[in-house]
Structure formats: structure tokens, C-alpha cells
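Shown next, in C-alpha cells, is the structure this report addresses.
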Amino acid sequence: MAGIVNEVSLWTTPGWEQGVTVEQRRVVIVVYPGAQTLDISGPLEVFDTLNRLLPGPAGGYRLQCLSPDAPSVPTSAGLVMQAEPLEAGEGPIDTLLVPGGWGLKDALEDPCLVAWIRRAAGRSRRVVSVCGGSFLLAETGLLDGRRATTHWAYGEQMARRYPNVTVDTEPIFVWDGPYVTSAGVSTGIDMALALVEADHGAAYALQVAKFLVLYFKRPGGQAQFSMVLDAQLSDQEPIRAVQDWVQENLHRPLLVSDLADRASMSPRHFARVFRREVGTTPGQYVRQMRVTRARQLLEASELTVCQVAARTGFTATETFLRAFSALVGLTPAQYRQRFQLRSPAGLLVQPATAERRAA
């Protein structure tokens, strides 16, 4: 994209102490009527928390919300956000963030807003979107020839509307050059943590995640859905406790009799109750959780396939390969090649290397 600022765009603002001037990265968030509240507030909280955790004022973020409907803009949940007019957005921008939301249709039909986003992107170091915000970026033509993601429910629609964009709804966020697009709603928080890591390092991103009580990193290559999300969590305490224990002990042999003992039930009664509460047998549940953990290790480590199998409780690599392929539809090597974790700093465990080690 012509005009993208190659260096870190810094903005001068008053410091925490009188008479002190510091440099901050300017984050501009586009707000329009009906925008998703969490698409905006999630990343805002991540950036603001980083500011509060820094030992001094230098190097943080200057947060600015802009809107064609300033000063008061109702979001999708009815929360009214204060914003400055778009005219206040002149000058260099470090990060331009575009949210999605139920008001997206009207926003896409606002040629002035679309044109403003296109111009603002030209003076931004990076341009990011949350959920359906990728539609607005695609509407400007900025994503042509690039890979992007959006909410899983709108992937096909986006691919039809913008055929020049490679739409991939598997990852929770996609980093393609200066453009970062994230998937549904809460993934904007994951993306914002990745941006903090890129700007300030993993240690600060971890501090932010801890303070906000978040997972430090759901890697960008991780699928929007997981078997953990698909599996039903029981409301019945003995069964829920067993499910939690299984998650912590996947590396161990997990016999139905052992699980039944933890629930203080006979194996037969436990199996009946478990299936009624969870919707699957104890054995199937354990296998699903082992494969889910294996997916995480394949995404975020250099462990060989044999080592992943051992870490997730499979007694034989062949058994692991069959179970993984049956549930995921890919071999572990194919899955790693597609979803290997790429850190915001650009570090990547090379799939070829991992496959050679696994051979």
C-alpha cells in the first residue's frame, strides 16, 4: 500500500510529570454507530493496561477514538462512546484499528467513512481490524492480494464480496505485512496482546495478560473453534471435577475405572452419567482432549510428532496418528504446516525442520 509509514510512528504527548514530554505510539480506533462494544473496548483495555504497567511514561500508547458521528456514538450494546471527529485524525498514526459490529452494513455504505479509512491507512504503520472490521478494510481495496480472516459466520460472504482477498476463517488472527485481521469479537484481545508483544516484548505482554486475567497467547494460527469449546461441560460437580482433572493429566493413562473412582461412582454408573452430562463417552472425551492438547503443542512447540504423542498420553505414535487424523482431518505434519505458531516478532518454527525431526 502506497504511503505506509515504514518506521514506528510516534506521537508527542504530555508526560506524567509536569513539564515532561514523552513519545507514545498513537492508536486510532474508528467508531461508528452500532460497532461491537467488545471489538473496541477489548483492545482499548489491553493498550491502556500496558500504559499503566510501564515503569515510566515513554513508549506507551496514545489512544484516540474517532467517528463521523462524534462526539457521542452508540455501540451495538447501547453503550455510548465518546469520540473525536475524523478531522482530528490528521497526522501520522502508529496503529489504525477498525472494529466490526451490527452497524457494519451502514458503515460499508458510507463512502466518506470508507474513503477516510483508506487515506488514514496510508499514514499508518499498521492497520488492524476486529471481527467484521475486515469488511471495511476490504471495501477500501487495502486487502486485495492479501490473506485475511473475519468472524467464522461471515467468511463465505466476505469471500464472495471480495474475491481478490484470500479469506481464511480458521485462525483467530492473520498477520499479513502491515495488516492484521482478527476473527470473532474476543479475538481482538488476542490480537492486541500480540501487538503489545511486537512493540514491547513478551514479558510486558505477559504482565498485561496476567493483570487482565487472560490467556497470554492463543496463537494466531489456532483455529477459531476447538474440541474444548465443542465439548459440553457438565453442571454436575463430580463430572465437572473429573473433566478438570482430565485436562491436567492428559499425559497419564486415563482408564474409565480411574475416572469413576475420582467421581466416587462405579465404572458402569459413571459411564452412564458422563455420557448423559457431556454428550460423549468418557473414552471419546479423553481422546478428544488429548488431540486438542496435541494441536496446541504442534502449533507452539518444536516437539517431534513422537514427542507430542507421548506428552498427550498416547502409548504408540501410530495410535496418535490415527486418532488425530480421524478427529482433525489432517495428519499432524499437515496440521503443523498449516497452523504453526508465528509470533508477532516474526519467529516461526519451520514446518520442514519439524517434519524432518519427526521422521
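The values are calculated or read from the model by the stated rules, or taken from the named source; none is laboratory data. Predicted model, so just to flag it, every value in this text is computed and none were measured. Cβ atoms come from the backbone with ideal geometry, glycine included; neighbour counts cover every protein chain shown. For accessibility, only protein heavy atoms count, side chains too; no ligands or nucleic acids. Shrake-Rupley method; radii C 1.70, N 1.55, O 1.52, S 1.80 Å.
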(message) If you average the alpha carbon positions of region 238-275 and of region 131-152, how far apart do those two centres end up, in angstrom?
(response) 44 Å
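First select every other residue whose beta carbon is under 10 angstrom from the beta carbon of Val208; then total the charges, Lys and Arg +1, Asp and Glu -1. Mind dumping the intermediate values first?
Values: positive: Arg52, Lys210; negative: Glu45, Asp48, Glu197.
Computed value for this residue: -1.
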(request) Rounded to the nearest Å, what's the spacing between the alpha carbon centres of region 158-201 and region 45-80? Just the number, please. (result) 19 Å
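Report the extension gain between Arg160 and Arg276 in nm, rounded to one decimal, defined as 0.36 nm multiplied by the number of residues separating them, less their alpha carbon distance. Don't jump to the answer; show the numbers that get you there.
On the way: separation 116, 0.36 × 116 = 41.76 nm, distance 4.10 nm.
In short, 37.7 nm is gained.
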(request) State log₁₀ I(q)/I(0) for region 121-191 at q = 0.14, 0.23, 0.27 Å⁻¹ as given by the Debye formula over alpha-carbon point scatterers of equal weight, solvent excluded. (result) -0.33, -0.91, -1.26
(request) Mark the label point 7 Å from the Cα of Leu330 along Cα→Cβ and return the residues of region 165-196 whose backbone N is within less than 12 Å of it. (result) 169-172
(request) Within 10 Å, count the other beta carbons around each residue, average over each peptide in 320-326, 190-196, 117-123, and list them highest first. (result) 190-196, 117-123, 320-326
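Please calculate how many Å² of accessible area region 115-175 carries per residue, with a 1.4 Å probe and no DNA, RNA or ligand atoms counted.
Details: 2340 Å² over 61 residues.
I get 38 Å² per residue for this part.
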(request) Could you pull the Cα extents of region 39-82 along its three principal axes, largest to smallest, in whole Å? (result) 35, 18, 11
(message) Could you check the spin-label model distance between Glu109 and Asp144? Points 7 Å from the Cα along Cα→Cβ, value in nm.
(response) 2.5 nm
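Where a ≥ b ≥ c are the square roots of the eigenvalues of the C-alpha gyration tensor, would you call region 41-178 rounded, which needs a/c under 1.5, or, failing that, prolate if a/b is larger than b/c, or oblate?
On the way: a/c = 1.57, a/b = 1.34, b/c = 1.17.
It is prolate, given that a/c is not under 1.5 and a/b is the larger ratio.
Report for region 76-219 the percent antiparallel among DSSP-assigned beta bridges with both residues inside it, nearest 5. Intermediate values should be presented prior to the final figure.
On the way: 4 of 14 bridges.
The antiparallel proportion sits near 30 percent.
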